[in-house]
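Heads up, the thing below is written out as structure tokens.
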Amino acid sequence: MDVHIHTPASLDYQQPEVTLLDILQRAEKRDLNIIAFTDHNTISGYARLRNEIEQLELLEKLGRLLPEESKNLQEYRRLKKKMLLLPGFEFTATFGFHILGLFSPQKTVREIEHVLLDLGISPGGLDDGNPAIGASVDVITAYRVINEAGGIVIAAHANSTNGVAMRGLSFGGQTRIAYTQDSHLHALEVTDLDQKGTRTTAAFFNGTKPEYPRRMHCIQGSDAHRLTTDPVRKKNLGIGDRSTEVFLQDLSFESLHELFNSNDFSRTRPHRLSLEPVSDFIQLARDEGPNIIQDFHENLNVRGGNLYAVLADICAFLNTNGGTLYLGVSSNSAKPVVGISNPDQAVKQLEREIQNRISPPTHLTIDLQKHKNQTIIRILIPRGDDAPYALDENKIYIRDEDETNIAVRDEIVTLVLRGKGHAVEFQMDTLPLSSPKLLAHLPPTEEISHERIEPRTGVEVITPVIRGGKSFFTMRDLRNGNIVKNVTVASARRLWHYAITRYNELIPHMDTLPITWQGNYGLIRQYSQGKNTLFDLVYRSEDGFRLFFGVTADGIHSQWRTFLKEED
């Protein structure tokens with residue numbers, strides 16, 4: 001599909017002599033099954049097509065069709081049977097951000113024009129096709145209005161010009177997060193979907209970042225303002241030059257809408273024009289390994305605790321960002337795939353155990369997949385909207401990177417507040433202060449400072465308080481945004497335990513340690529753990545030192561990047 005195509009109804013269309021039939025015929029040549037007309041702030045291009053077909057059908061009924069007109073009408077009918085054409089528009093919100101709205105062909109032109117009026121397009125400007133308009137509505141309101149009108153909402157070229165995730169914007173952190181995580185937004189259109197690596201837009205919005213916990217469907221579109229690629233300016237793409245493959249039950253708007261509302265992210269992929277092997281999404285997942293949104297189990301045996309581990313993971317994913325479990329396969333790609341024997345019975349057992357042992361009730365998707373000629377079970381788990389979720393009534397698990405852990409008291413409080421729909425805010429003055437030399441408070445939010453000091457992963461150890469001769473630490477877990485108080489060395493889980501131990505070793509000697517400094521940013525240690533390169537970092541300010549432990553490469557940003565090597 002290519003659902004970002006302009007017509008001469010857009011003021012900036014580069015080939016005004018092109019006809020609407022030319023566009024459909026070019027889409028057919030590019031083997032497109034789904035296209036959408038998305039002119040700037042107008043539905044007039046799609047309306048002209050509808051009017052032209054209706055006029056031809058009227059002339060046919062009256063017996064007044066000319067030979068050329070009859071040929072065009074038959075061509076329209078043939079193409080409409082072959083591909084799905086969706087009406088839509090590319091709306092310009094305040095500050096110039098572009099948003100795609102796609103609608104069912106059953107939606108009338110007048111209904112879609114009414115949506116544009118609700119979005120602030122003036123009645124006199126409905127046919128202008130102008131990308132630059134006057135006062136309109138903000139991004140979040142636009143998402144809501146389009147979605148409530150039954151449309152599919154896609155942030156256009158989100159990582160590029162006029163995109164809501166474009167780098168270098170001076171908006172505060174909460175605003176940037178809302179623009180890409182809002183519940184009314186269905187997908188992000190990105191320009192680097194066919195690229196691989198941790199620095200791609202799709203990798204950033206895969207649900208592993210604490211500030212961006214909602215995994216986003218990512219697609220690509222041509223944003224074609226012409227039939228074919230501009231021979232001089234290659235960035236001016238033609239129809240189908242950047243398209244997406246989607247796996248649907250049938251060729252319909254409803255199936256596409258269902259896909260974007262699902263948490264199955266294996267049903268979209270970039271369409272590559274060169275002939276190459278089809279990617280095995282399970283193999284790609286194995287190559288990535290376990291993380292905060294996916295894990296692997298080789299079997300479901302009750303003996304040995306494998307079934308319980310699967311249920312604990314499901315509970316943890318529900319309480320965290322959602323995720324995917326693969327059963328019958330190891331994350332180690334060097335190990336052979338064992339598969340699940342009698343998979344139908346195993347699925348029934350899983351459904352029964354989930355229903356009886358995880359509360360409150362939840363809806364999961366369990367299906368069977370083929371991988372290396374073996375049958376494996378895939379479980380798609382959404383981020384739960386009624387947290388906290390418990391296993392066997394009283395065991396509450398959360399996900400930390402590639403680990404599933406029992407939630408501690410402050411994490412349970414956060415889950416309860418989330419389940420009640422409350423935003424969780426932590427006051428700075430609630431954190432303990434025991435040494436004037438150490439920074440014992442949190443920095444202002446990005447909304448205020450526009451600059452985030454702390455990395456995006458790892459943990460920060462806040463100055464402990466001493467009670468009864470025992471140290472109680474506050475941990476700021478940068479992987480999920482949680483702040484957990486009253487942590488001791490004995491109660492700390494793996495990364496927390498490492499961080500507290502290192503903190504106690506380093507703090508007395510901060511002035512003499514061999515730290516690599518770049519201004520106020522310091523590298524204490526770089527080390528390997530499995531497939532990951534980890535960093536222990538320190539930030540120096542007038543108030544003292546802030547220490548961060550177990551930071552991964554994708555958690556490093558801004559000034560911290562000076563410590564990254566080429567391979568990182």
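Nothing in this text is a laboratory measurement; each read-out follows from the coordinates by a stated rule. Computed from a predicted structure; not experimentally measured. Cβ atoms come from the backbone with ideal geometry, glycine included; neighbour counts cover every protein chain shown.
Each label point was placed 7 Å from the Cα along the Cα-to-Cβ direction; for N299 and E258 their separation is 3.6 nm. Selection among Q529, G519, G124 by position relative to the dipole of the chain gives Q529 as farthest towards the positive end (Cβ unit charges, Cα centre).
Computed packing ranks the peptides 359-369, 529-539 as 529-539, 359-369, most packed first, by mean other Cβ atoms within 10 Å.
Taking every DSSP beta bridge that has both ends in segment 258-382, the antiparallel portion is near 75%.
By its C-alpha gyration tensor, with a ≥ b ≥ c as the square roots of the eigenvalues, how is the chain shaped: rounded for a/c under 1.5, else prolate for a/b larger than b/c, else oblate? Prolate shape, in that a/c is at least 1.5 and a/b is the bigger ratio. The slack in the chain from R77 to D22, taken as 0.36 nm per residue of separation less the alpha-carbon distance, amounts to 18.4 nm. Our summary gives the chain a relative contact order of 10 percent, counting only alpha carbon pairs under 8 angstrom and 6 or more residues apart. For the chain, list the DSSP H helices whose alpha carbon atoms reach 24 Å or more along the long axis and whose average Kyte-Doolittle value is 0.5 or above? Result, helices passing both filters: zero. Charged side chains reduced to their Cβ positions (Lys and Arg at +1, Asp and Glu at -1) give segment 287-431 a dipole of some 560 debye around its Cα centre. Site pair L284 and D543 shows an inter-label distance of 4.2 nm when each label is modelled 7 Å from Cα along Cα→Cβ. Modelled label positions at N520 and T198, each set 7 Å beyond Cα in the direction of Cβ, lie 2.6 nm from each other. Peptide packing for 41-47, 479-485, 120-126 was compared via the average number of neighbouring C-beta atoms within 10 Å per residue; ordered from the highest value, the list is 41-47, 479-485, 120-126. Secondary-structure-derived ellipticity at 222 nm for the chain, considering helices only, amounts to -8000 deg cm²/dmol, per-run term -39500 (n - 2.57) for DSSP H runs with n ≥ 4. Relative to the current alpha-carbon distance between D386 and K420, full extension at 0.36 nm per residue lengthens the span by 11.5 nm. For a paramagnetic label modelled on S70 (point 7 Å from Cα along Cα→Cβ), amide N atoms under 16 Å away belong, within segment 19-60, to 56-60.
Assign one of three labels to segment 212-343, namely rounded, prolate or oblate, based on the Cα gyration tensor with a ≥ b ≥ c the square roots of its eigenvalues; rounded applies when a/c is under 1.5, prolate when it is not and a/b is larger than b/c, and oblate otherwise. Judged from the Cα gyration tensor, segment 212-343 comes out prolate (a/c at least 1.5, a/b above b/c). Subtracting the Cα-Cα distance of E403 and S359 from their residue separation scaled by 0.36 nm leaves 13.7 nm. Note on the chain: with charges restricted to the Cβ of Lys and Arg (+1) and Asp and Glu (-1), its dipole about the Cα centre is near 1220 debye. A dipole drawn for the chain from +1 and -1 charges on Cβ atoms has a positive end, and of N373, Q106, T414 the residue lying farthest that way is N373. Amide H contacts of D400: N405, each under 5 Å away and 5 or more positions distant or on a separate chain (H built 1.01 Å from N in the peptide plane; Pro and chain starts excluded).
Within segment 302-336, which residues have the backbone N less than 16 Å from the label spot 7 Å out from Q249 along Cα→beta-carbon, could you tell me? Nothing falls inside the zone, counting backbone N under 16 Å. The distance separating the Cα centre of segment 535-568 from that of segment 227-271 comes to 38 Å. Since only N236, S471, L20 are under comparison, the one whose Cα sits farthest along the positive direction of the charge dipole of the chain, derived from C-beta charges on Lys, Arg, Asp and Glu, is S471. Calculated FRET efficiency, S558 to T228, Cβ-Cβ distance, R0 = 30 Å: about 0.15 to the nearest 0.05.
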